[in-house]
1. If you take every residue apart from residue 84 with its C-beta less than 15 Å away from the C-beta of residue 84, what net charge results, scoring Lys and Arg +1 and Asp and Glu -1?
2. List every residue whose amide H lies under 5 Å from the amide H of residue 44, counting only residues 5 or more places away in sequence or on a different chain, with H placed 1.01 Å from N in the peptide plane.
3. How much net charge surrounds residue 54 when only other residues with a Cβ under 11 Å from its Cβ are counted (Lys, Arg +1; Asp, Glu -1)?
4. Could you work out the percent of alpha carbon pairs in segment 13-96 separated by over 15 Å, rounded to a whole number?
5. What value does segment 24-67 have for Rg/Rh, both radii from Cα atoms and Rh as Kirkwood defines it?
6. Relative contact order of segment 13-96: what whole-number percent is it, with Cα pairs under 8 angstrom and at least 6 residues apart?
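Each value in this text was obtained by applying a stated rule to the coordinates, not by laboratory testing. Note that this is a predicted model, so its numbers are computed, not measured. Cβ atoms come from the backbone with ideal geometry, glycine included; neighbour counts cover every protein chain shown.
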Amino acid sequence: MKTLIWAMTYRPLPEHLTIQPSKIDGLGLFTLKDIPMGECLGITHVEDFITKKLHRTPLGGFINHAQDPNLQRVEVQRYHYVFTRDHIAAGTELTLRYEWYEPKEEEE
């Protein structure tokens with residue numbers, strides 16, 4: 001029975017990722033362990049097949065914008081996945097280049 005309970009436990013983020021205050025904006029997504037280049041971290045958005053609207057997953061909710069990001073978004077049918085572009089060291093904030101809207105301008 002213990003195995004069944006574990007299998008049914010919902011985790012909004014992979015075990016090695018966490019949400020922390022970000023130097024970029026508000027809260028950000030950070031890694032607790034080194035991640036190799038090319039690793040799939042999961043699904044960030046799912047397209048509704050009727051309305052064609054995108055629904056953001058918890059993983060997609062805290063990834064901040066960067067001009068030189070360490071993640072790459074890949075669309076496969078209705079699902080949007082993120083993969084690491086390079087080796088990412090533990091403690092690093094995970095970032096994407098926003099493509100669907102303009103990020104906030106940095107204040108000086």
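1. Net charge in that neighbourhood comes out at -1.
2. Under 5 Å from the amide H of residue 44: 80, 81, 82.
3. For residues surrounding residue 54, the net value is +1.
4. It works out to 56 percent of all Cα pairs.
5. 1.04
6. Relative contact order, segment 13-96: 37 percent.
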